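Undergrad: This structure is in C-alpha cells; I'll ask about it shortly.
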Amino acid sequence: MKIKFWGVRGSIPCPGPQTVKYGGNTPCIEIRIKDTDRLLIIDAGSGIRELGNQLLSHDLSSKGSIQTEIFLTHTHWDHIMGFPFFTPIYIPDTRLKIYGPVTYEDETLEEVVGGQLSYRYFPVRQAELAAEISYIDLKEETIDLGDGIKVTTKYLNHPILCLGYRFEFNGKIVCTACDTEPFRNVFCTDPDDPSYDETMAMEGEEVAAEENRRIERFFAGADLLIHDTQYTEEEYRASKVGWGHTSFEHAIAAAKRAKVKRLALFHHEPLRTDRQIDELARKYCNPDYAGEVNVFFAREGMEIEI
Ligand SMILES: [Zn+2]
Ligand SMILES: [Zn+2]
C-alpha cells in the first residue's frame, strides 16, 4: 500500500509562510493499493482539491475515467470542505462511492456532504454534478471491498459520530484514529462534591479504560497508524478537555502498547508553526521517547510505502 498525505492540518486551512513545510490543508489521505489499481481516499478536507487535480492529469488520461472511494471519518467541516473543489465530480464517467458514519441527524450523509453544493454556499448545485456518486452509511462493521481489501470501522470519541478505519491488504494494515479524544470517566470523581457516588465513580473509570483498550485493540499491530495529535498533554489539560482531540503523549503511549510500527502524528493544530513542529519533533519523534515505534509528523506531500 502506498499512502500519500494531501492535507494534515486540523480545524481550518492555514496557508502562509509559517506552515510551508508541514502544510496548511485540512485532512485528506490517498491510499493506492498496488496490483489492484484501487484508489481509496480518507476525508475530503481542503487537501482533496490538489489530489483531484493530480487524478485529472494522471488517472484520467491513463485509465479513461476516475473511479474512487472516499471514506469520511466524520462530517465536521474541516473533513468535507474540499468536496466541492474535487474536480472529478464534474467529469462524466467518474464513479465515486462516499462512505461515512450514519449521522443520526435529520439529514442524510448525502445532504450533509452534498448540501455544500447549493446556491447559498456555492455556484453549482449537487444536481448538476456529472459524476455518478453513491453514498453508503457505515456503523461499526467490517466490509469486504473486493480485490482482497478489507476495511473495519470503530467509533471514536468526538463530539459527533466519528469513525476510525482499519484497512487490510495482503497482510499489511493502515489505521486512522482521527478525530478522537481518550475516553474519560463521565461521573464525578471528587468525594467532596455533593453528586459524588463511589460506585458510579469506579464504574465510570472502568468503562472509560475499557473503551480506550478497545481503541488500542482496533489499531493493534498496524504497520501505519495515523492519529489525531492536535495538542501537547499540557495544552490538553489546561483548556482542551472535551474538544475531541488527543495529546502527543497519549497517542504515542497507546501506539507503544498496541505495538504499532509507524505512527503518523496528524491533524496539527492550525496555530502551530513549522518551527514549533520541528521543536516538538525533536522531543516526540525520538527513540528515547517513542521506543520502538517510528513516530513522525505527517507532512503535506509525504509518501509512505508499507
Ligand atoms: Zn478535524
Ligand atoms: Zn472533528
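Undergrad: Could you please find all residues in segment 281-297 being open to solvent by 30 Å² or more (accessible area, probe 1.4 Å) and either of a type in the set (Val, Ile, Thr) or assigned to a helix (DSSP H, G or I) (or both)?
TA: Answer for segment 281-297, where residues must be open to solvent by 30 Å² or more (accessible area, probe 1.4 Å) and either of a type in the set (Val, Ile, Thr) or assigned to a helix (DSSP H, G or I) (or both): ARG282, LYS283, PRO287, ASP288, TYR289.
Undergrad: Hey, does segment 39-50 have a residue that's touching a Lys or Arg at 6+ places or on another chain (Cβ under 9 Å), hydrophobic (A, V, I, L, M, F, W, C) and either touching a residue at least 12 places away in the same chain (Cβ under 8 Å) or farther than 11 Å from GLU300 by Cα (or both)?
TA: yes
Undergrad: Given (1) over 19 Å from the mean Cα position of the chain (by Cα); (2) surrounded by 17 or more Cβ atoms within 10 Å (Cβ to Cβ); (3) within 28 Å of LEU225 (Cα to Cα), where does LEU117 come up short, assuming only one miss?
TA: The one condition LEU117 does not meet is (3).
Undergrad: One residue is enough: does segment 25-44 have a residue meeting the conditions farther than 20 Å from GLU305 by Cβ, within 16 Å of ligand 2 (Cβ to nearest atom) and among the aliphatic types (A, V, I, L, M)?
TA: Yes, that holds for at least one residue.
Undergrad: Answer with yes or no whether GLU249 is of a type outside the set (Ser, Thr, Tyr), more than 14 Å from ligand 1 (Cβ to nearest atom), in contact with a Ser or Thr (Cβ under 7 Å, 6 or more places away or on another chain) and open to solvent by 30 Å² or more (accessible area, probe 1.4 Å).
TA: No.
Undergrad: So, one more: Being assigned to a loop (DSSP other than H, G, I, E, B), more than 14 Å from the chain's Cα centre (by Cα) and not hydrophobic (A, V, I, L, M, F, W, C) is the filter here; which residues of segment 171-192 pass it?
TA: Within segment 171-192, GLY171, PRO182, ARG184, ASN185, THR189, ASP190, PRO191, ASP192 qualify.
Undergrad: Then there is this: Pick out the one residue from GLU168, GLU216, GLU234, GLU211 that is modelled with pLDDT of 95 or more, open to solvent by 20 Å² or more (accessible area, probe 1.4 Å) and assigned to a strand (DSSP E or B).
TA: GLU168
Undergrad: Need a quick list: helices (runs of 4 or more DSSP H) entirely within segment 1-94 having at least 2 residues that are open to solvent by 40 Å² or more (accessible area, probe 1.4 Å).
TA: 48-57, 59-63
Undergrad: Pairs please, first residue from segment 58-77 and more than 12 Å from ILE98 (Cα to Cα), second anywhere and at pLDDT below 90 and not in a loop (DSSP other than H, G, I, E, B), Cβ atoms under 6 Å, 6+ apart in sequence or on different chains.
TA: ILE66/ASP59; ILE66/LEU60
Undergrad: Which of the residues spanning segment 219-231 are buried (at least 21 other Cβ atoms within 10 Å of the Cβ) and either in a strand (DSSP E or B) or among the acidic types (Asp, Glu) (or both)?
TA: If the condition is that a residue be buried (at least 21 other Cβ atoms within 10 Å of the Cβ) and either in a strand (DSSP E or B) or among the acidic types (Asp, Glu) (or both), then LEU224, LEU225, ILE226, HIS227, ASP228, TYR231 are the ones that fit.
Undergrad: Quick one: in segment 171-208, which of the residues that are small (Gly, Ala, Ser) and open to solvent by less than 60 Å² (accessible area, probe 1.4 Å) is farthest from ligand 2 (Cβ to nearest atom)?
TA: Among residues in segment 171-208 that are small (Gly, Ala, Ser) and open to solvent by less than 60 Å² (accessible area, probe 1.4 Å), the one farthest from ligand 2 (Cβ to nearest atom) is ALA201.
The values are calculated or read from the model by the stated rules, or taken from the named source; none is laboratory data. None of the values given here were measured: they were computed from a predicted structure. Quick reminder, even Gly has a Cβ in these numbers, built from the backbone with ideal geometry, and neighbours come from all protein chains shown. Quick note on the areas: whole protein, heavy atoms, side chains included, nothing else; ligands and nucleic acids left out. Shrake-Rupley method; radii C 1.70, N 1.55, O 1.52, S 1.80 Å.
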